[in-house]
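Please read the structure below before turning to the comments.
The values are calculated or read from the model by the stated rules, or taken from the named source; none is laboratory data. Model, not experiment: these values are computed from the prediction. When we count neighbours, we look across all protein chains shown, and the Cβ atoms used for this are built from the backbone with ideal geometry, even at glycine.
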Amino acid sequence: MSDIWSVETKTLATNAEAVMRNGNIYQIANGYMGYRGTLDEYGRSELVAITLAGIFDRVGEAWREPVNAPNGGYTKIAVDGQALSTLTSSVSSHHQTLALRNAIFGRKTSFALGGKRVTIASERFLSAAEPHLGVIRYSISSDRDADIVLETGIDGDIWDLNGPHLPKLSAEMHGDTLVVAGITHEMGKCVAVAESAAIGFGLEHHRVDGNRNLRVVSFKAEAGKTYSFSKYFAVCTAADARDKTVPETAIAVVRMAKAQGFDLCLSAHNEVWAAKWAQSDVIIEGDDEAQHALRYSIFQLLIVAPVDGSGNSIPARALSGQVYKGAVFWDTEMFMFPFFLHTCPQKAAELLRYRIRTLDGARRKALTEGAGFRGAFYAWESQETGDDVCTYFNIGDPLTKRELRTHFRDKQVHISGDVAIAMWEYFKLTGDDSILLEGGAEVILECARFYYSYAYFKKEKNRYEILDVIGPDEYHERVNNNAFTNVVARTTFEIASQTALYLAETHPKAFKDLVQKIAITQELPLFAEAARLLFVPEPNPENGLIEQFDGYFSLRNVPVEELKSQRIHPDEYLGAGQGLAVPTQVIKQADVVMMLSLFKERYPTAIKRANWEYYEPRTEHGSSLSACAYAMVAAEFENLEFAYKYFLKTARLDLDAKYKVYVGTVFMSGSHPAANGGAWMTAVFGFGGVNANAEQVTISPRLYKSWRSLHFKLTYKGDSFDIHITHDSVAVMAEASNQQTRRFCIWGQTALSIPGKRVIIDRAEKVA
Ligand code: BGC
């Protein structure tokens, strides 16, 4: 590895699969849009896409998905009449890089053309300071004189899974600015891209070529001279236009950027990036591989964090394309949210605002799903309104080509509690009740109300049960009393009662208004009762095992590999009606172990170990959400070799991009922000042993043997701490601007962290 702050390759991707995987690995994004890691001259067949956050469209009966904007980064050259492309021309060298420090994608390619060597190089970034803006610097040189035709502009012919979403593109030139605009099918929303370039050489003219709006520049390149230019593009949608039309809004952004020039745009961008890393980097001394993979994972989260005030969240495949319909899953609250909560709470709040904004969608779903329920049943796959876009037939069978009925949408009820828990965690760890007052309390109460209407009261057992659900393990559908789901539901009842109590005491007026608004007075005492009487599968007193759901232990016990060897097709789905895993104990992903990792304070280490040892050999890890849960729990009972192996598996997932591309017949490729969040959690919670609650921050480190130290920043209750862990000591440095002395518990010892002071606890003190 040449540099742990970059990703690079000198191998040119020449087949479609490698181009697709590189598009994921080298993507850049700025929360507003993601730009796949494709080369300047690429088009639709190479899966070029600029995927936008928060704007969706549906064409006919196909799946609704995010809109991809026309590619304002397009540039291609022809030398002596021959168009250059890495895919068709003779390439003598290629080098592409992704700078993690500031999300700059770069490439340099030399072509051998009948005795000439022509080199093109470019760098691009999506501005972290101006979310609509993309900036590119492009240069050309030839070792002999050459006739060059450069075309650069906006390419409207872009990759879509279920598009095109902007069917009739208009191509215009406004002064020196190119504009391509279109209107989405479903909602008639305008998307416009403007482009401007400062090209100081050759003869320029304007050409519209199909869906491409281009400036074409012809020039005679002198041997050895480099011809460089900067170009700027801006993407705006109907949601961004205030006092101007959408195209005018985009034009204003590029004109402003062009007037500032490349260097100023870059320094504004770099400044934001420097602040991001200062808040969220994790430094592992002694292990470059782990460091690189973890940094890449953190980078992936930083590039997709929603723009402040956008009310957007992070989809399961982030902004790497339209896979998974650009939808938000529980992945966000359970796997990504903790990173933001502990490093950048304002982004965590933004993620929660998205759920507040989509509460009505969750209410609609509760009313209309199955027999109809009360409260908020959040979408399994959520877009901008919160209505569920998960279809009842969500997976295709590669053998029969038939769609399989899956119950992710109607039975994966833990989603509501996942959202409610995140709301409460935010309040607990920041001490900031603004999110509760902005609608978070309403979300929590409505989620509790949903579970109350979903649960059954079994009179003869004097307990509530939750029947007919899917837990995190999607291979077992329609099960009863899934341990994870029941604990999540019980927790939701508990926090609903705590929320009501807190608001009644501290914000009586807001509480009264809320109770009136959602007419919940009579139900509130029922939540407390449900929390008490809800059945939760407990560890068996003899062996400590928790049954994943009623009857799980009676299923056939088949080794995972043996089961997989029975597949007829490699992409065959193991769950749904007839799936191979259904009658067996083989599970798709961490379920009981996910529960043990999420509710770590409720279960002793021995129970964690017993269940981990039982469930791990039965887990296929068929979801990118699985490995980190097993890694974190393994770290708790000090199986550090396993924890490390699965940490790397999670952290390297997107870097290696060797994941499955199809599940059944559904294309799944793209980035995995939940795994990225899982990598951060495994480093900080797993190896760092950090566990914050409303009273204190506990740190019980168990560093991996090759790690000399682990160093990171933590935000807790609005204060910021620099934590430095070695095998023998933990140092906590409180920032001078911290408001209060905070309590830490390190290796079982209480340590008070005073603003501006460092406190060091040695491991020996614990032993003594
Ligand atoms: C997993 C879900 C996850 C979804 C999106 C599925 O394969 O089973 O738990 O939410 O992918 O990442």
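The number of residues in region 322-344 that are more than 11 Å from the ligand (Cβ to nearest atom), in contact with an Asp or Glu (Cβ under 9 Å, 6 or more places away or on another chain) and in a loop (DSSP other than H, G, I, E, B) comes to 1. The residues listed here are 309, 372, 286; of these, the one that is out of contact with any Ser or Thr (no Cβ under 9 Å at 6 or more places or on another chain) and surrounded by fewer than 23 Cβ atoms within 10 Å (Cβ to Cβ) is 309. For region 345-398, the tally of residues that are among the polar types (S, T, N, Q) and in a helix (DSSP H, G or I) stands at 2.
When region 441-494 is examined, which residues are found to be hydroxyl-bearing (Ser, Thr, Tyr), within 16 Å of the ligand (Cβ to nearest atom) and either assigned to a helix (DSSP H, G or I) or at positive phi (or both)?
Selection gives 485 alone.
Pairing residues of region 451-479 that are modelled with pLDDT of 95 or more and surrounded by fewer than 15 Cβ atoms within 10 Å (Cβ to Cβ) with residues that are of a type in the set (Lys, Arg) and assigned to a strand (DSSP E or B), at Cβ distances under 8 Å and at least 6 apart in sequence or on separate chains, gives 457/463.
Contact map, region 648-674: first residue without any contact (Cβ under 8 Å) to a residue 60 or more places away in the chain, second residue surrounded by 21 or more Cβ atoms within 10 Å (Cβ to Cβ) and in a loop (DSSP other than H, G, I, E, B), Cβ cut-off under 6 Å, separation 6 or more or different chains; pairs are 653/624; 653/672.
If you go through region 170-190 and pick out every residue that is surrounded by fewer than 20 Cβ atoms within 10 Å (Cβ to Cβ), of a type outside the set (Gly, Ala, Ser) and not in a strand (DSSP E or B), you end up with 5. Among the residues of region 633-678, those that are within 16 Å of the ligand (Cβ to nearest atom), surrounded by 24 or more Cβ atoms within 10 Å (Cβ to Cβ) and hydroxyl-bearing (Ser, Thr, Tyr) comprise 650, 671.
What do you reckon, is residue 140 in a strand (DSSP E or B) and either of a type in the set (Phe, Trp, Tyr) or crowded, with 22+ Cβ neighbours inside 10 Å (or both)? Don't jump to the end; show me each part of the working.
Numbers: in a strand (DSSP E or B): yes; either of a type in the set (Phe, Trp, Tyr) or crowded, with 22+ Cβ neighbours inside 10 Å (or both): yes.
The answer is yes for residue 140.
Among the residues of region 498-513, those that are in contact with a helix residue (DSSP H, G or I) (Cβ under 8 Å, 6 or more places away or on another chain) and either crowded, with 21+ Cβ neighbours inside 10 Å or of a type in the set (Asp, Glu) (or both) comprise 499, 500, 503. Evaluated against (1) polar (S, T, N, Q); (2) within 14 Å of the ligand (Cβ to nearest atom); (3) in contact with a helix residue (DSSP H, G or I) (Cβ under 6 Å, 6 or more places away or on another chain), residue 548 falls short on exactly one condition, (2).
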